[in-house]
Structure formats: C-alpha cells, structure tokens
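The block underneath contains the structure these notes are about, expressed in structure tokens.
No lab work stands behind these numbers, since they all come straight from the coordinates. Note that the structure is predicted; figures quoted are calculated from it, not measured. Cβ placement follows ideal geometry from the backbone for every residue including glycine, while neighbour counts extend to all protein chains displayed.
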Amino acid sequence: MGQERKEAIVPMKTTQGESTAKPVVIVIEPEVLVRMAIAEFLRDCGFKVIEGIVAEDVRTVIDAGTRLDIVFSEVRLAGGTDGFALAKQLRNTHPEIDVILTSGVAGAAEKSTELCAEGPLKKPYKAADVAARINLLLERRRSAAKKL
C-alpha cells in the first residue's frame, strides 16, 4: 500500500448543518498486516477505524451501541459467516450501514453485484481506492439525506 495520496474526508452534516463526528469504518480482515496497513491509512485520512477479524466482530460493535457508517470486509472469513452473508445480514437489519467487500477470489465480483453496486475491491487494492469508495458511499448518504 506504500506511499499513496491520502484523500481527505468531508465531515458528515446533520440536518441542522452541524458537523457530526468522524465517519466510523470497521475493517474486517483476517490477515493482520493487511488489516493494520489499511486501518492506519484510513485513520490518516480522518476516519475513525475499528479493526476486526470475523463477521461476529461487526455484530459485537453494533450490539455495544457503537455507530458504524461503513463495513469494509474481506469476503473469505473464518467462522460461520463470510463477507457475503455479513453484507446480506446488514442490508436487512441495518440498511444505514454501507458495506464494501474485498476479495482476491475470482468470481467474487459476480456474486457481490447484488450486495455492492460497484462490486468488491479486488486484492491487491490500493489504499487510496478504499478511501475513495468510502467517500463515495458517504456522499451518497449525504445526498439521499438532503432529498428527505
């Protein structure tokens, strides 16, 4: 992931026009070095980042009452829930949380198109591409909130 340009984030706005806290991203990645590198990059971009290893970590964070804006998850996870199942669960139970999947597995893009409009980020990805995708999803949420 090396020396990449960090894309600045724009704080989310409330309906009264006040800035809210930093967007919160949970990175679910079983490979510790990959997880640490992307988490550090996203923190440098201004996001609050929580790190996890399995899908259950997302449920633990949600059950604790922590706000999540984005879940960035590897497709292949240990345990009973993979990234696809996690994305489906979140779509049904927490539609306000956006999901970005990542995979190095061939064919993952076709399976994920129903869950992610842009499909998964293919590994190896550039950290700046992850930040750009997160900003895109956050901007979509802001635009949708303005229309309400």
Inset, instruction - Take every Cα pair under 8 Å in the range 24-147 that's 6+ residues apart, average their separations, divide by the length, and report that relative contact order as a whole percent. - result: 22
Inset, instruction - Starting from the amide H of T102, placed 1.01 Å from N in the peptide plane, find each other amide H under 5 Å away whose residue is 5 or more places distant or on another chain. - result: S73, E74, V75, L121
Inset, instruction - Give a residue-ordered list of calculated ³J(HN,Hα) values for the range 41-50 (Karplus: 6.51 cos²θ - 1.76 cosθ + 1.60, θ = phi - 60°; whole Hz; x for Gly, Pro). - result: 4, 5, 4, 4, 7, x, 8, 8, 10, 10
Inset, instruction - Apply the Kirkwood formula to the range 24-147: the hydrodynamic radius equals the inverse of the mean of 1/r over all pairs of different alpha-carbon atoms; give it in Å with one decimal. - result: 14.4
Inset, instruction - Given a cut-off of 27 Å, name the pairs among K48/K126; K126/K146; K22/K126; K123/K146 whose C-alpha atoms lie farther apart than that in the structure shown. - result: K126/K146; K123/K146
Inset, instruction - Specify which residue in the list G52, A87, P124 is farthest towards the positive end of the charge dipole of the range 24-147, using unit charges on the beta carbon of Lys, Arg (+1) and Asp, Glu (-1), about the Cα centre. - result: A87
Legend entry - Additional length obtainable on full extension of the chain from V32 to E56, 0.36 nm per residue less Cα span: 7.0 nm
Legend entry - Label-point gap, in nm, between R76 and A64 - each point 7 angstrom along Cα→Cβ: 2.8
